[in-house]
Each structure stands twice: as structure tokens, then as C-alpha cells.
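What follows is a set of notes on a single structure, which appears directly below.
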Amino acid sequence: MWQAIFGGILVFAGFYLIIKCFVSRRKGVHLDSTLVGFKQEKGTLYPVFKFTYEGEELTLPGGVPAEPQKFKFEEGENVRIIFTPNNKEFVDIEGSKTEYLYGIASIVLGAIFIYFYLRKIGVI
């Protein structure tokens, strides 16, 4: 039974991530920013962007971890970001598909758990 519950939670979480990402990208403000470096938080590196919004200069990390050596932008480069004014914790990179991929992976993994549970109880 735990497989069905866990699978359902994963499927729900995946759809939630995709919808949340879609809505935040539609409602967010698309701005030019500068990559100013990377910030380590709990052993994970996040890119940090500096930009101006309504006259206020902000420096916020990206929402997805990135390794400086593999990141497609270098320090000092201009990067288009999506800033949601009511969320001053992080920004999204315009054109990034990572959050969508996390959602899709969660849905697929959840569906696999549900499939094996249904197979185990003889429904499939």
C-alpha cells in the first residue's frame, strides 16, 4: 500500500512543480541581470544574480543548484531572469527547463510506483 501512497504523492508533487513553475514564469517579471558569483548553501552552490527592480538593486540566488564549471554562463555575463516580486528568496533563469524536468521525473517515478502496486495486487 505504501507504494501507491508514495507514488500518488510523487505524481501530485510533479504536477504541482510544473504548474507552479508555469504560473511563476507567466506572472514573473523578465529582467536583465548580471551573474555575480555563486553562493554555497548547505553544501550546494547556487548562482547569484544582481539586478534592478523598480529602482531597488537586488542580489538574489537562482532557484536551481549549479556547478560553476558546468554552468553555461560565466561571472560578469548578462543573464535574463524571471523575478517574482512577492518572492525575494530566489530567481529563475529565463529559458531554464530544469524545474519542468524535476516535475516530469517526479510524475514518471510516481507512476512507476503506482504501476508496480497495481500489478502486485492483481489489477494489471
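Looking at the structure I just gave you, is Ile112 within 15 Å of the chain's Cα centre (by Cα), modelled with pLDDT of 95 or more and open to solvent by 60 Å² or more (accessible area, probe 1.4 Å)?
The answer is no for Ile112.
Which of (1) in a loop (DSSP other than H, G, I, E, B); (2) small (Gly, Ala, Ser); (3) more than 15 Å from the chain's Cα centre (by Cα) does Gly8 not meet, given it meets every other one?
For Gly8, the failing item is (1).
What are the pairs, 6+ residues apart or on separate chains, where a residue within the stretch 43-65 that is in contact (Cβ under 8 Å) with a residue 24 or more places away in the chain has its Cβ under 8 Å from a residue that is of a type in the set (Gly, Ala, Ser) and open to solvent by 20 Å² or more (accessible area, probe 1.4 Å)?
These pairs meet every condition: Tyr46/Gly63; Val64/Ser96.
Check whether at least one residue in the stretch 62-84 is of a type in the set (A, V, I, L, M) and touching a helix residue (DSSP H, G or I) at 6+ places or on another chain (Cβ under 7 Å), and report yes or no. Show your work before the answer.
Step one: of the stretch 62-84, the residues of a type in the set (A, V, I, L, M) are 64, 66, 79, 81-82.
Subsequent filtering for residues that are touching a helix residue (DSSP H, G or I) at 6+ places or on another chain (Cβ under 7 Å) retains 64, 82.
Looking through the stretch 62-84, at least one residue is of a type in the set (A, V, I, L, M) and touching a helix residue (DSSP H, G or I) at 6+ places or on another chain (Cβ under 7 Å).
If a residue has to be at pLDDT 95 or above, open to solvent by 40 Å² or more (accessible area, probe 1.4 Å) and either touching an Asp or Glu at 6+ places or on another chain (Cβ under 8 Å) or on the phi > 0 side of the Ramachandran plot (or both) to count, how many in the stretch 46-62 make the cut?
1
If Phe38 satisfies every condition in (1) surrounded by 12 or more Cβ atoms within 10 Å (Cβ to Cβ); (2) closer than 30 Å to Gly110 by Cα but one, which is the exception?
Just one mismatch for Phe38, condition (2).
Can you tell which of Glu67, Glu41, Glu56 is charged (D, E, K, R) and more than 17 Å from the chain's Cα centre (by Cα)? Before the answer, list the steps.
On the way: Glu67 fails: more than 17 Å from the chain's Cα centre (by Cα); Glu41 fails: more than 17 Å from the chain's Cα centre (by Cα).
Only one candidate passes the filter, namely Glu56.
Would you point out the residue of the stretch 63-81, among those that are under 14 Å from Ser33 (Cβ atoms) and crowded, with 19+ Cβ neighbours inside 10 Å, that is modelled with the lowest pLDDT?
Gly63
Considering only the stretch 86-100, how many residues are closer than 15 Å to Val29 by Cβ and open to solvent by less than 50 Å² (accessible area, probe 1.4 Å)?
4
The values are calculated or read from the model by the stated rules, or taken from the named source; none is laboratory data. Since the structure is predicted, the reported quantities are computational estimates derived from the model, not experimental observations. Please note: Cβ atoms are built from the backbone with ideal geometry, for glycine as well, and neighbour counts cover all protein chains shown. Surface accessibility is based on the protein's heavy atoms, side chains included, excluding ligands, DNA and RNA. Shrake-Rupley method; radii C 1.70, N 1.55, O 1.52, S 1.80 Å.
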